[in-house]
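I have placed the structure first, in the form of C-alpha cells, so that the comments after it can refer back to it.
Each reported figure results from applying straightforward, stated rules to the coordinates on display, with no laboratory input. Values in this document were obtained by computation on a predicted structure and should not be read as measured data. A quick note on method: Cβ atoms are made from the backbone with ideal geometry, for glycine too, and the neighbour counts reach across all protein chains shown.
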C-alpha cells in the first residue's frame, strides 16, 4: 500500500522518486512494517514547499528556468549592482507574483513543479522587467500579477480558460490588413430587380470592402476601403457564364488595439475575436440607389495570406467561386520592417506603435491631365505630429500669383473627433478660373498652421509651407503631398519663393497632408496614410525626428482628441464650453484678426520648447571651452548632476537614470589656447529626474605631468610626475568650478551657457543650498557675502545643453545664455573670452619633441602622430587618476 501511494505522487520526477525508494530501503532494512500518516503528510508538505524550487532558482542564478533574454536581463542587473542581494530577491518575488494564478491553481507536487520550473520560461521578458522595476521603485506587490500579459493574447495564441465576469478580459492586439484582392463572379441579368446592377450600368470601381472586428455578436470597430480598386475583367468562355471581376485594392486597413474591458457585460470569453468582411456595391449618392451587399466572409485574422470564400448576400447576385484574399500583419512589426534603414534594426521591440513615415507608392500616382484652364480641388487632410507646446490648430493660406482677382482664403479647422496630436480635416476648396481666364503657371500654394501656445495661451504660428500648383509643363501637380512645415517669414506680402522657404529651419516632425486633384462634383474621401498615396520624400524624418515621433506616439499625457484638447484649454482658461459650443469656441480662439490691433501676423512658436523633457530621452551636454585658465596644464572637465531638492529622495532607476550621473571630457582641440582650452568630445546624455533646481556641477582639474615620447616613435610615450612631485589628482589639482541649470519648466534649458568659474572646490554647504533655489540667486548672494570667489581674470566656462531627442548634428541652433555672468562684470568676461594671446595647446606636445620636429611645427607628420599618442597617454592617465579619486571619495566609477 505504501509503495503504491509513493509511485502515484512522486514517480513523475526522477530525483524525488530516488529519495522515496531510498527511504523504502531504509525502512525495510530496519524492519519497519508501516509508515504513519504523519510521515507521509510531512513528506508531501516538504516536497510541495515552493522554497525548494526557490533554492534551485537562486543556486542556478535563474539560468535553468528563464529563457535567454530574461537571464541576460537578470545577470546584467546583478553585475551592475555588484551582486546586490535585493536584486535577486526582487527578481524571484517578481516571478512568483507573475505566476500567482498558476501557483494558486497547483494542487500537488507535479503541478507545482510544472509552474516553478517550466512556466517562467514562457513569461515575456518585458513583463519580467516591468515587474522588477516596479518592485525596485517601491511599488505595491499587488500590482504585479496584472502585468502578466501571457494569458490576454486573444487574437494570437491559445484561447484562455473562461474566467469570472469580473476578471480582466484582456485586449485584442493591433491588426493590419493589406494586399486586398477580390474575385467577384456576378450574375447580372438584363432585367434584374436591381437596375443599378444591370450589365450595362454596373461599375466594378464602385465595389468596396468593409472590415469589422467582432467579438461574438458585438461589433467593435469597422473600416472601409476608400481608394478605387484596379479592375481586371475576364470575359467568360461560354456565352451563358457570368463575367469575372478581379479587384485589387491599395488600401491598408489598420486597427488599433482594443481593450475588451470597455465592453464588459456584453462579451463572453467563450467567443473569440474575428474579422467580418462585407462586400458592397455603392454608387454615387446622386443616383438615388442604396448600397447593395453582394457577399460576406468571416474568419480569424491569423496567418498570412488570408483566403476565404465569399458567402452570398441578400441580393443573390454573387456566384460560387467568388473569393476574398488579403495579407494580415502586425502594424508594429511592419513599422520595424519599413524603418530598418532609419533606426536600429537590432532592437528587440519596435519603438513605434505605427509607422511614422511611409514612402510614396508610384502605382497610386494620378495622371497629370489638368491644365491651367481647368478647375482643381485643394484638400487639406491632416497635420501630423504637432509639437508639445501646441494645442488646438488651424490651417490658413492662399493661392499666390494665381492671376485671378477673387481667390477665396483658406481657413481649415480640424475635426473634433480626430487625434489631437495629428488632427484631421474635412476641408475642400475648389479653384475655378472661369470664363476665358487661366491660372498663372507660377501659381503657389501657401499654407500656415496656427495654434494656441500651450505655455502662454497666446496665438502663435507653428510654421508654413509653399507648394507649386503647376509643374514646368503647366499641368496640375496632381496627387497627395506631405509637406514639411518650416519657420519662414509669416507675412503673406513678403512670402519667399519655394526655393527660399526650403532653406528655413524645419519644424521637427510636423508635416501637412494635402491633395491637389482635378475637380469633381463630390468631395473625395482622404486615403489612408499607410497606403503610400502621398508624395513624402521631402518629409522623410531624420534620426532625431524618429526619436521624437516615438515619444509622441507613446505619450499618454497629451489629450487624445481635438475635443479633449478643447475641454482641457477651456478648463485651463476657466471657460464654460458646452459640447455643442466646442466648434464655435475653437474657431473664435484661433481667429487671427481678433484683438490684433497692429495687424501683425502671430509670432512663431518657440522651437526649443516644441519637445518636452522625457527622462528616457535625457538631456545632452557638451562642455566646449574654458576661458582665463593658467598656462602649462593638461586640463579636463569633470561634470556631474546635482539632484534638486524635490527629487533628492527619488530612487535611481535600474538603468542608472536619476542617480549619480557623471562624465569626463578627454578630447582636445590642440589649436586652441592653453588659457582657453577647447574640448571636442561628443555630447553626453544624462537622464536626471525633472526638477527646476537640478543643476550641473562642472569641475576643472589640471594635471601637472611630464610626457616622454616613445623612442621608437611607434607608440604612446610614458606619463610621470614632475621632479619632486607626485602624480595624482588632489585638492590642488582642482582649478575651478561652475554651475549650470538644466531645466526651464517642463523643458530643457537649451542653449550655450556661459557660467562664471569659481575658485577651488565647491563647499558642501553651498551645494546643499543651491539645489533648493535658482542658481543665479544662490551665487549672487554668496558672492555678495564673499563666501564664493570668482576665478581671477574673469574666467568662465561654455557649456552646451539641449534636449536628448536631438543628436549632435541634427539639433536646432542654440541661443547664447549669459545670464549667469555677474551683470556688472560682463564686459570683463567678454574681454577674456575674446582674448587671443597665449600659447597653443600644441606647445605641450611640441616641447616633448626634438629640435628638428619643433621647427617643422604642427603641420609635420611627426607632430600629428605624436599628438595622437600624447592625447591617448595623457587621457588614459587622467581617467585612471580620476577613477581612483572618485572611488576614494565614495562616488563610484565613471
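Report the per residue volume, in Å³, of the convex hull enclosing the C-alpha atoms of the range 551-620.
Normalising the Cα hull of the range 551-620 by residue number yields 131 Å³.
Between residue 783 and residue 230, what is the label-to-label distance in nm when each label sits 7 Å out along the Cα-to-Cβ direction?
For residue 783 paired with residue 230, the spin-label model returns 7.1 nm.
Given 10 °C and 1.306 mPa s, how large is the Stokes-Einstein diffusion coefficient of the range 676-753 in µm²/s, with Rh as the Kirkwood radius over Cα pairs?
For these conditions, the coefficient is 97 µm²/s.
How large is log10 I(q)/I(0) at q = 0.09, 0.15, 0.17 Å⁻¹ when the Debye formula is applied to the Cα atoms of the range 48-151, each weighted equally and without solvent?
-0.20, -0.56, -0.73
What translational diffusion coefficient, to the nearest whole µm²/s, does the range 730-788 have by Stokes-Einstein, given a Kirkwood radius computed over alpha-carbon pairs, a temperature of 37 °C and 0.692 mPa s viscosity?
258 µm²/s
Could you calculate the contour length gain from residue 726 to residue 669, that is, 0.36 nm times the residue separation minus the distance between their Cα atoms, to one decimal place in nm?
Extra length from residue 726 to residue 669 when fully extended: 17.8 nm.
Which value results when the Cα radius of gyration for the range 561-706 is divided by 2.2 N^0.38 Å?
1.65
To the nearest 0.05, what FRET efficiency results for residue 891 and residue 122 with a Förster distance of 56 Å applied to their C-beta separation?
For residue 891 and residue 122, the calculated efficiency is 0.85.
Taking a ≥ b ≥ c as the square roots of the Cα gyration tensor eigenvalues, with a/c under 1.5 meaning rounded and otherwise prolate when a/b beats b/c, else oblate, which class fits the range 362-588?
Judged from the Cα gyration tensor, the range 362-588 comes out prolate (a/c at least 1.5, a/b above b/c).
Per-residue counts of other Cβ atoms within 10 Å, averaged by peptide: what ranking do you get for 398-409, 508-519, highest first?
Peptide ranking by packing, descending: 508-519, 398-409.
Separation between the residue 831 and residue 58 pseudo-spin-labels, each 7 Å from Cα along Cα→Cβ, expressed in nm?
6.9 nm
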